[in-house]
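Since the structure comes first, as structure tokens, the remarks are kept for the end.
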Amino acid sequence: MTPALRNTRPARPARPARDRSTAPADPAAPSAPTAPAAPTGPSTPTAPTSPTTPAARTALRSRLTAHDLVAEATAGILQRPARSVLTALGTVLGVGAFIAVLGLTGTAASQIDTRFDKLTATEVGVEDTGGRDAARVPLSFPADADARIGGLNGVEAAGVYWRVRLGPKDAVRSSPLAATGGADAQTQVVAASPGVLKAANSRYSQGRSFDGFHETHHQQVAVLGKAAAARLGITTLRTAPAVFIGDVAFTVIGIVDDVDRKPELLMSVMVPRTTAERVWGPPTDSRAQMLIATRLGAATQIAHEAALALRPEHPDYFNAVPPPDPRTLRTAVSGDLSALFLLLAAVCLVIGAVGIANTTLVAVMERTGEIGLRRALGARGRHITAQFLAESAALGLIGGLVGTSLGTATVVSVSAFREWTPVVDPMTLAAAPLLGLATGLLAGLYPAWRASRIAPVEALRR
């Protein structure tokens, strides 16, 4: 193919040669034809972009950003503030009860541990069983039982006691002429060595306890518990009052106001052990026992050594009872309290969830026109779902935060009133608002789903 055929543009005519350096331009010389100027008018219109193309679909797609979602949820809540407060109240009560239950349970368990350490962990009881010779030996404790146990390392006080069996005519009276029976017949008499009142940590409103002198010389003296003294009408020791047990008179030398151990002593008349043996003989109905107060941490060891210290030849005559395991006691008490109150907290949470679900469903019905308008303007069903879920979740979160604060304040207030040390787990405080959030989300699932199913045309007709 020739070059002329390949070139579609017309050939430009040849210009006459001229000297560019000296010859001026000839105005009469014909000018070469120039290419036509580019058109200045509008360019050729292109075909419009079809709405079915990916670019058009991206441009027309409805979007709901996180900022918009938060703004819509806030507006929905603030639009009806009274209803929102009442709706969140259920979650407040549920989460608050949850925090208060766990906090008070932990605080009570800690308080139980403290009291256990102070009293129960320092108390050992020894029972006189008599072993195989129970019928032949009514009293196995030796006369110097208090001294034998008191010599063990870790013992603070120890004493033997038993309840005296009185005859039908041996009622306790405050006057030899008073009629028997009535209230006086209900007062029990306890034979006790001086160490019993020390081990019980007795505190006296008047007078004092009997001591080794009274026991050694079989003195007819008595110490009254506060309730027993009130029942007998003895209020002062200035007149040297006496009580009559049957026909035997005992001079009252002390009134016990309170004890830390053996509270039944407050309702009893206590007489020296040796005096009781001389007047009524050894115990018959119930066998004798020993109360031992120890230093903290020594109770278990004392329980192992007590029987051998009392009767080396017959340790089988005694049964020493050590204090219970504090971990078992704490676990049992904490478990019972937690199971009971957590059930109540769960009920409160369910009530709160039902309240949020009910209120959200009513809001959906009231805002049907708004939902239809949003759908007509391009909102998707998932956008409506997200909007109502955000509102219910926000109500649950607000209720969780307020409930956490109220629950913590309840624990601190009760602890301050009872003079306890409040115990609240930080993980519980962190999880409580999330629990409220989860409650709100679960409660809003059905109303949000129902709102997303509303047809725009039917919603706009209402």
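The values are calculated or read from the model by the stated rules, or taken from the named source; none is laboratory data. Nothing here was measured: the structure is a model prediction, and the numbers come from that model. In this analysis, Cβ positions are derived from the backbone assuming ideal geometry, glycine residues included, and neighbour counts consider all displayed protein chains. What goes into the accessible areas is simple: the full protein's heavy atoms, side chains included, and nothing from ligands, DNA or RNA. Shrake-Rupley method; radii C 1.70, N 1.55, O 1.52, S 1.80 Å.
Restricting segment 127-163 to residues that are in a loop (DSSP other than H, G, I, E, B) and either touching a Gly at 6+ places or on another chain (Cβ under 6 Å) or acidic (Asp, Glu) (or both), which is most open to solvent (accessible area, probe 1.4 Å)? Ranking the candidates gives Asp144 first. The set of residues in segment 407-435 that are at pLDDT below 85 and polar (S, T, N, Q) comprises Thr421, Thr428. Scanning segment 254-266 for residues that are surrounded by fewer than 18 Cβ atoms within 10 Å (Cβ to Cβ) and part of a helix (DSSP H, G or I) turns up Pro263, Glu264.
Out of curiosity, is Ser175 part of a strand (DSSP E or B) and open to solvent by 30 Å² or more (accessible area, probe 1.4 Å)?
On the way: part of a strand (DSSP E or B): no; open to solvent by 30 Å² or more (accessible area, probe 1.4 Å): yes.
Judged against the criteria, Ser175 is not a match.
Among what's in segment 199-247 and is among the hydrophobic types (A, V, I, L, M, F, W, C), part of a loop (DSSP other than H, G, I, E, B) and out of contact with any helix residue (DSSP H, G or I) (no Cβ under 9 Å at 6 or more places or on another chain), pick the residue that is least open to solvent (accessible area, probe 1.4 Å).
Looking only at segment 199-247, we keep the residues that are among the hydrophobic types (A, V, I, L, M, F, W, C), and these are 199-200, 210, 213, 221-224, 227-230, 232, 234, 237, 240, 242-245.
Filter again for part of a loop (DSSP other than H, G, I, E, B), leaving 200, 210, 234, 237, 240.
Filter again for out of contact with any helix residue (DSSP H, G or I) (no Cβ under 9 Å at 6 or more places or on another chain), leaving 237, 240.
Numbers: Leu237: 39, Ala240: 70 Å².
Among residues in segment 199-247 that are among the hydrophobic types (A, V, I, L, M, F, W, C), part of a loop (DSSP other than H, G, I, E, B) and out of contact with any helix residue (DSSP H, G or I) (no Cβ under 9 Å at 6 or more places or on another chain), the one least open to solvent (accessible area, probe 1.4 Å) is Leu237.
The condition (being modelled with pLDDT of 80 or more, under 30 Å from Ala455 (Cβ atoms), polar (S, T, N, Q) and in a helix (DSSP H, G or I)) is satisfied by just one residue among Thr300, Thr385: Thr385. From the list Thr404, Thr421, the lone residue that is of a type in the set (S, T, N, Q), in contact (Cβ under 8 Å) with a residue 12 or more places away in the chain and open to solvent by 50 Å² or more (accessible area, probe 1.4 Å) is Thr421. Screening segment 169-193 for residues that are of a type in the set (Ser, Thr, Tyr) and over 18 Å from Pro283 (Cα atoms) and picking the one that is modelled with the lowest pLDDT gives Thr180. For segment 240-297, residues that are in contact with an Asp or Glu (Cβ under 7 Å, 6 or more places away or on another chain) and among the basic types (Lys, Arg) total 4. Between Leu139, Leu69, the distinction of being modelled with pLDDT of 80 or more and either under 30 Å from Tyr161 (Cα atoms) or of a type in the set (A, V, I, L, M) (or both) belongs to Leu139 only.
Look at segment 76-91: where a residue is within 17 Å of Leu389 (Cα to Cα) and of a type in the set (A, V, I, L, M, F, W, C) and a partner is open to solvent by 80 Å² or more (accessible area, probe 1.4 Å) and modelled with pLDDT of 80 or more, sitting 6+ places away or on another chain with Cβ atoms under 9 Å, you get Ile77/Ile398; Ala88/Ile398.
Restricted to segment 443-462, and to residues there that are hydrophobic (A, V, I, L, M, F, W, C) and in contact with a helix residue (DSSP H, G or I) (Cβ under 6 Å, 6 or more places away or on another chain), the residue that is nearest to Cys348 (Cα to Cα) is Ala443.
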